[in-house]
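J.: My questions all concern the structure below.
The values are calculated or read from the model by the stated rules, or taken from the named source; none is laboratory data. What you see is a predicted model, and the numbers here were worked out from it, not measured in a lab. Backbone-built Cβ (ideal geometry, glycine too); neighbour counts: all protein chains shown. Calculation scope for accessible area: heavy atoms of the full protein, side chains included, ligands and nucleic acids excluded. Shrake-Rupley method; radii C 1.70, N 1.55, O 1.52, S 1.80 Å.
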Amino acid sequence: MKLLNKIGVVALAAGAMTSCAVHDVFDDNGDLGQILPTVSWELGSTTCKAGNNATFKAKYYYKGKDDMIDHTEVWALIARTESAAATCKLTTALNYTQTVGVSDTVRAMSLMKTFEHKSLQWNAQKTVADFNKVYAEDGVWEDEGGKYNSDYHIDMTNGYEYILTASFPTSATLAPVSWVNPTSFDSERFDALYPASFKSDFVAKVVDYLTKDSAYYNDLRNVYVNYDFTAERFAEVAQAHSLNFPTETEAGKKSDLWYTDTKKVVGKYYITVENGVTYYHEVALDYEAPEGINLYDVYDSSEWVFCRYSDDTGSILTSVRAKYMPLFIDLLNGIPFEDWIYNTADQNYSINFSRDYRLVPLFKAVDVNGKVGVTTNDKEISLN
């Protein structure tokens with residue numbers, strides 16, 4: 001689908017944010033039994049404007065005797081959700097909507113930003129409560145040696161804990177895309193956003209609904225009457241199928257041409273069934289049916305209309321004659337896609353496209369030996 005073909009383009013644009021390093025972040029965890037950094041983190045928000053920085057607060061420590069953290073990293077997977085829809089407005093009873101959607105990974109887990117780890121000396125005269133109080137007020141740790149920014153640690157009985165309050169970049173190219181009920185139809189934009197076969201699939205489905213049986217007979221008639229077919233188009237399809245068909249283009253006159261008169265019986269018909277297929281046989285009013293054959297009324301109507309009494313339903317049924325249906329199929333297939341979806345009441349085109357991106361980020365602490373402690377991928381950031 002066209003929706004999937006643009007993944008490479010988006011991925012390249014998104015790659016401008018940072019390094020293109022991509023691999024399995026969990027492979028860095030090392031062998032079982034090894035001591036790894038322990039990490040946890042919280043996001044500042046689950047939403048972020050595309051192009052802005054996403055904030056977070058991370059905690060990490062090493063259960064070793066010495067300070068062995070080398071640096072920390074934020075990684076993220078970029079996922080995309082798209083939905084593309086269009087609704088038929090040229091019909092009334094038939095309210096057909098075609099929708100396609102995709103949810104996929106635009107870019108695999110990749111490095112977003114690296115943070116230098118600064119080993120700070122703990123002042124034994126300061127307590128954890130003092131530390132938290134000062135940090136809560138200023139966002140920094142103030143010690144005798146001066147002020148430190150976002151990287152610092154707290155002495156703990158099980159090792160050293162560090163707290164990092166920082167942010168990582170997002171790309172403006174990942175902003176959401178929305179295109180809903182435009183007042184003009186941009187064919188180039190539509191083709192860029194929707195799958196290549198969307199238009200043809202849509203028209204084929206609508207035409208099938210209108211012509212496969214008499215369920216949408218009135219809609220078929222309304223399209224014939226109200227759509228702006230040319231006289232040349234009528235003549236073209238009539239000649240192609242060697243059928244008699246009017247070339248009138250004025251809506252009122254077309255409505256008069258497509259008629260039924262159930263007060264006027266013009267013939268009879270009977271039914272036969274062969275190999276499960278029902279056949280209708282029309283005969284003259286004075287036809288004498290053989291024994292066992294039931295005759296039913298046929299009413300006056302347009303040449304392409306079969307209006308009859310049905311004993312099965314106990315009512316009058318109207319349909320397009322089978323030999324004329326290929327003509328109508330050709331006629332309908334000539335209507336452009338955009339005309340099928342034009343809403344005359346609201347004067348817009350009934351399409352609805354949306355594309356949204358989200359990040360699935362991870363936080364990693366890397367020790368001097370390259371071993372990694374990593375958070376689980378249970379967080380998401382929706383880009384707006």
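J.: Can Lys323 be described as within 41 Å of the chain's Cα centre (by Cα), open to solvent by 20 Å² or more (accessible area, probe 1.4 Å) and among the basic types (Lys, Arg)?
T.: So Lys323 fits the description; yes.
J.: For region 286-340, give me each residue that is among the charged types (D, E, K, R) and either closer than 21 Å to Glu232 by Cα or in contact (Cβ under 8 Å) with a residue 24 or more places away in the chain (or both).
T.: Scanning region 286-340 gives Asp297, Asp300, Glu303, Arg308, Lys323, Asp330, Glu338, Asp339.
Residue-by-condition table, conditions (1) of a type in the set (Gly, Ala, Ser); (2) in contact with a strand residue (DSSP E or B) (Cβ under 8 Å, 6 or more places away or on another chain); (3) at pLDDT 85 or above:
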{"site": "Met156", "(1), (2), (3)": "no, yes, no"}
{"site": "Pro169", "(1), (2), (3)": "no, yes, yes"}
{"site": "Thr183", "(1), (2), (3)": "no, yes, yes"}
{"site": "Glu188", "(1), (2), (3)": "no, no, yes"}
{"site": "Asp191", "(1), (2), (3)": "no, no, yes"}
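J.: If we keep just the residues of region 306-316 that are of a type outside the set (Ser, Thr, Tyr), touching a strand residue (DSSP E or B) at 6+ places or on another chain (Cβ under 7 Å) and open to solvent by less than 60 Å² (accessible area, probe 1.4 Å), which is farthest from Lys205 (Cα to Cα)?
T.: Applying the filter and picking the extreme gives Arg308.
J.: Kindly indicate the residue of region 340-349 that is open to solvent by 60 Å² or more (accessible area, probe 1.4 Å) and part of a loop (DSSP other than H, G, I, E, B) and also nearest to Val203 (Cα to Cα) among those meeting that condition.
T.: Here the answer is Thr344.
J.: To continue, here is another question. Across region 81-101, what is the number of residues that are in contact with an Asp or Glu (Cβ under 6 Å, 6 or more places away or on another chain) and open to solvent by less than 20 Å² (accessible area, probe 1.4 Å)?
T.: Final tally of qualifying residues: 2.
J.: Quick one: count up the residues across region 350-382 that are part of a strand (DSSP E or B) and open to solvent by 40 Å² or more (accessible area, probe 1.4 Å). Spell out the reasoning first.
T.: Here is the first cut: in region 350-382, the residues part of a strand (DSSP E or B) are 351-367, 372-374, 381-382.
From what's left, open to solvent by 40 Å² or more (accessible area, probe 1.4 Å): 352, 356, 358, 382.
Qualifying residue count, region 350-382: 4.
J.: Now, a different point. Return the residues of region 67-96 that are out of contact with any strand residue (DSSP E or B) (no Cβ under 9 Å at 6 or more places or on another chain) and either in a strand (DSSP E or B) or of a type outside the set (Ser, Thr, Tyr) (or both); say none if nothing qualifies.
T.: Listed by number, the residues that qualify are Ala93, Leu94.
J.: While we're looking at this one, here's another question. Taking region 292-315, which residues are within 21 Å of Asn244 (Cβ to Cβ) and part of a loop (DSSP other than H, G, I, E, B)?
T.: We begin by selecting, within region 292-315, every residue within 21 Å of Asn244 (Cβ to Cβ); these are 298-308.
Answer for region 292-315, where residues must be within 21 Å of Asn244 (Cβ to Cβ) and part of a loop (DSSP other than H, G, I, E, B): Ser302, Glu303, Trp304.
J.: Only residues that are open to solvent by 20 Å² or more (accessible area, probe 1.4 Å) and at pLDDT 90 or above: list them for region 54-72, please.
T.: Of everything in region 54-72, those that are open to solvent by 20 Å² or more (accessible area, probe 1.4 Å) and at pLDDT 90 or above turn out to be Thr55, Lys57, His71.
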